[in-house]
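For reference, the structure is listed below as C-alpha cells.
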Amino acid sequence: MYLDPPYAPPRDDNCYIKRYHFLEGLSVYWRGVEIMEETKTKKLAKRHTPFSYKHSITEALRRTFKQFKDSKIVVSYSSNAVPDAATIETLLREVKDGVEIRTLDHKYSFGTHAAAQRRDVSEYLFIAR
C-alpha cells in the first residue's frame, strides 16, 4: 500500500492540503472543493482532518498503518512536517518488523511572498515489510 498522507505543518502557512492539492482535487474533479481564487497559487480552503493538526496526526497515522498491517506499506513524508521521521518509523514498527528509510535531500520554496526563502528539507520514503 502506497501512502502519501497530508503533512501536519510546523506552521499553518505550510498547510499540505491548501498548497499541494493537485492530486487531491483531480481525484474528485474539484467537486465540493472550495478554491481560494484570490490566492496566487489557487489554494484550497483548509479541510479539517486528523492529519491536519499536530495534536491528532500521530494517532491518525497509527490507525492508518494498523488498517493496512496485512500489506507492505510504503509511506512518503517530509522533514518539514509533524511528526518527525523517528516517530513515523516507530509507528510503522508497531505493525511491521522490517522498516527501511530512504532519504532524498531537497530544496523547497515555502510561501508565495517575495521574502519566501528556499529551505533545505529531506523527503523520506519508508518501506515497511
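No lab work stands behind these numbers, since they all come straight from the coordinates. Everything numeric in this text was worked out from a predicted model, so none of it was measured. Cβ coordinates were reconstructed from backbone atoms using ideal geometry, including for glycine residues, and neighbour counts include every protein chain displayed.
Summary of computed values
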item: Theoretical FRET efficiency, 1/(1+(r/R0)^6), r = Cβ-Cβ of residue 55 and residue 27, R0 30 Å, to 0.05; result: 0.65
item: Computed E for residue 63/residue 125 - FRET, C-beta separation, R0 22 angstrom, nearest 0.05; result: 0.55
